[in-house]
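For reference, the structure is listed below as C-alpha cells.
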Amino acid sequence: MTVKGRTPHPTALHALRRARELSALGDDPRVDVLVIGGGITGAGIALDAASRGLRTVLVERHDLAFGTSRWSSKLVHGGLRYLASGQFGIAHESAVERHILMTRTAPHLTRPLAQVLPLYAPGHMARGAYLGAGYGLGDGLRRFVGTPDAVLHAPGPIGRAETLRLAPAVRRDALRGAMRGWDGQLIDDARLVVAIARTAAGFGASVLTRVEALDVVGDGATLRDTRTGETLRVSARAVLGAAGVWAGELDPGVRVRPSRGTHLIVPSDRLGGSDVSLTVPVPGSTSRFVFTVPSLHGRTYIGLTDVPADGPVPDVPVATDAEIDMLLATVNTVLAEPLTRSDVVATFAGLRPLLSGPRGADDDTSDLSRRHAIIESRTGVLTVVGGKLTTYRRMAQDGVDAAIARRLPEAAGRRCGTRDIPLLGAWPRERLAEIAAPPRLVRRYGAEAPFVARHRGGQAGVQAAAAGVTAEELAWGVDVEGALEVDDLLDRRTRLGLVAADRAASVEAATAAFSTDVPAGR
Ligand SMILES: Cc1cc2nc3c(=O)[nH]c(=O)nc-3n(C[C@H](O)[C@H](O)[C@H](O)COP(=O)(O)OP(=O)(O)OC[C@H]3O[C@@H](n4cnc5c(N)ncnc54)[C@H](O)[C@@H]3O)c2cc1C
C-alpha cells in the first residue's frame, strides 16, 4: 500500500498507519497510557487520555466494537429505568450523558426516538396514569439537566388515531390510545465506537486493532499482532483495562456476571414501516418491557431479554429459542397480525458486563446495578467495567482521573475536556439537513458525508452492496475507518453482516474495497 506522497489525515485509521505505529512502538515502547479493549469504554478512555496530552495506545484483539458494544439496543438512555428503581445517581448520570451526546458531541449519530405504548381497555386509564407518572419523572430529569424540548419532546398521552398513525401495525380492538415518551437513539453503536476511536486518533492516540494484550501488569503488557504473530513488550505508566465481559482475563480479581440480551431482526414493513419504538409490557410484569427499534437497512430490532450467562464467555453469543419465543409472544400481544418465526430474518445477542453482586450466581442479573467501577488489580492494572454505552464518556473520565491520581501525578492539572470535544462528523442537529450529501449518508457520517460520497473519486449513490450501501462507503471503511478485513466492513462498519442474505450479496463488493491503494490525502 502507498500513500502517494501526501501527509495522511490524522484521523484516518488504516492498515498502513497501523503498521507504522506498531513499528514506532517497537522503536520506543514507552507510553503514558495503555488501553486494552476497543469497545465503547476503551475508545472513550483513549479519547480522554489523548486529549489530555498523554501518549496513548489502545489495543483491541479483534476489531473496534467487536464485543458487546455492537450488540446493544442502540439507545441513548435518559435514566428513566433507574429512577423507577430509586437509583437517582445513575439516573442523573445517564440524563447528563444523553444530553452531551445529543446536543454536543454526537448530534449527527443520534436522533429523538418516540416510544409509543398502546393502551387497551379495560385498565387503560390506570395504566396510562401509572406510565404517565413515570414518564413525567424522566422528563423532569431531562429538564433538570437542560436538554431542550426541541431535542427531546415532553411525554404525554396520544389518542387512538394518532397511535394508529404512528404505529399502524397495532391491533385496533379495544385500543384507546397510547402513552408517548421520548429517548435518544443511535444510528448504530459500532459507528459510535469508530467515531470515538478516530477522534482519539486525531489527538494522537495509536488505535491498534488485531493486537492482543498478554501478560498484563500494572506497568505494561506484551502485545501480539494477531495478523503476524509478532510480539513486543510495551511499558506504560498506567494500564487501563476495558475488556468488558473479558475483564476477568486481565485481572482475575474482577468478577463480572455476564447477562445475555437478545434482539430479533424483522423487516420494518412488517410493522407498517413505523419510525417509532413500540413499547410493550411483558405480561405479568409492571417494570419489564419489550420494544421495537426501527434501524438501518429497512430493518427493525425487537428486544430485549436479560438472562444470566454464566460459564465460559463466547466471542459471539447466540440467542436461544426460549428468548426468541418470549420476544415474539410479548410483541404479538399488541400486533394486529402476529409475527411468526418466518418474519425473523436474523437475531443477535450480547453480554452485559455487569459487576457481580454480593450473592454471586444467586443474584438476578436484572437486579444488578448498571453502575460502573474502577478496580485496581494486585499489580496495578486499572479496570473500568460495568456502566453502559450512554455513559461511556463519564466512565472514561473516571478511569483517566484514577490513572492520573495514581500513576501520572505530573498530569494532575490536565482536566478532562471530552464534554466539549465533538466527535468526528459532528454538526449542529438543526443544520444537518444543509449538508450536501444524500440523507442516508448524513445519518451515518454527519459532516463527513460529502467526503464519503466523493471518496476515491466516487460518483456517490451507486449501490454496490446490499441495502443501498455504496462502493464509496466500503472504501471509506478501509481507508479511513480502520477496517482490516472483509468482516470488519460487513459486521461493524456497515452492519450488513447482521442478515445472512445481505452479507452474501455484499461480500464481493466488500472484498473489492480492499483491492485499491490508500488514496492521497488520507
Ligand atoms: C443486549 C444489550 C443491549 C444493550 N443496550 C444498551 C443501550 O441501548 N444503551 C446503552 O447505553 N447501553 C446498552 N447496553 C450496554 C452496553 O452495550 C455495554 O455496557 C457496553 O457496550 C460495554 O462496552 P465495553 O467497551 O465495556 O465492552 P466491549 O464492547 O465488550 O469491549 C471489550 C473489548 O475488549 C477486547 N478485549 C478483550 N480482551 C482483550 C485483550 N486481552 N487484548 C485486547 N483486546 C481485548 C474485546 O475484543 C472487546 O472488543 C446493552 C448491552 C447489551 C448486552
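The values are calculated or read from the model by the stated rules, or taken from the named source; none is laboratory data. Note that the coordinates shown come from a computational prediction; the quantities given were computed from them, not determined experimentally. All Cβ positions, glycine included, derive from the backbone under ideal geometry; neighbour counts span all protein chains shown. Remember, those area values only see protein heavy atoms, side chains included, never the ligands or the DNA or RNA. Shrake-Rupley method; radii C 1.70, N 1.55, O 1.52, S 1.80 Å.
Counting only residues that are assigned to a loop (DSSP other than H, G, I, E, B), of a type in the set (Lys, Arg) and within 9 Å of the ligand (Cβ to nearest atom), which one in segment 55-92 is most open to solvent (accessible area, probe 1.4 Å)? Among them, the one singled out is ARG61. The residues on offer are THR286, THR279, THR300, THR292, and the sole one that is away from the ligand (no atom under 11 Å from the Cβ), at pLDDT 95 or above and either farther than 19 Å from ARG81 by Cα or over 23 Å from the mean Cα position of the chain (by Cα) (or both) is THR300. Scanning segment 392-430 for residues that are assigned to a helix (DSSP H, G or I) and exposed (fewer than 15 other Cβ atoms within 10 Å of the Cβ) yields ALA405, PRO409, GLU410, ARG419, ASP420, GLU430. Restricting attention to segment 365-401, the residues that are at pLDDT below 95 and on the phi > 0 side of the Ramachandran plot total 2. Could you please let me know if MET102 is modelled with pLDDT of 95 or more, within 19 Å of the chain's Cα centre (by Cα), more than 21 Å from SER268 (Cα to Cα) and not basic (Lys, Arg)? Yes: the conditions hold for MET102.
Note on segment 259-276: among residues that are part of a helix (DSSP H, G or I) and more than 23 Å from TRP182 (Cβ to Cβ), the one that is nearest to the ligand (Cβ to nearest atom) is ARG270. Residues in segment 93-125 that are part of a helix (DSSP H, G or I), within 16 Å of the ligand (Cβ to nearest atom) and among the basic types (Lys, Arg): ARG98 only.
ALA322: open to solvent by 20 Å² or more (accessible area, probe 1.4 Å), small (Gly, Ala, Ser) and assigned to a helix (DSSP H, G or I), yes or no?
Answer is yes for this residue.
Yes or no, residue by residue, for (1) in contact with a His (Cβ under 9 Å, 6 or more places away or on another chain); (2) in a helix (DSSP H, G or I); (3) hydroxyl-bearing (Ser, Thr, Tyr); (4) buried (at least 20 other Cβ atoms within 10 Å of the Cβ):
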residue: ARG172; (1), (2), (3), (4): no, no, no, no
residue: THR199; (1), (2), (3), (4): no, yes, yes, yes
residue: LEU214; (1), (2), (3), (4): no, no, no, no
residue: ALA236; (1), (2), (3), (4): no, no, no, yes
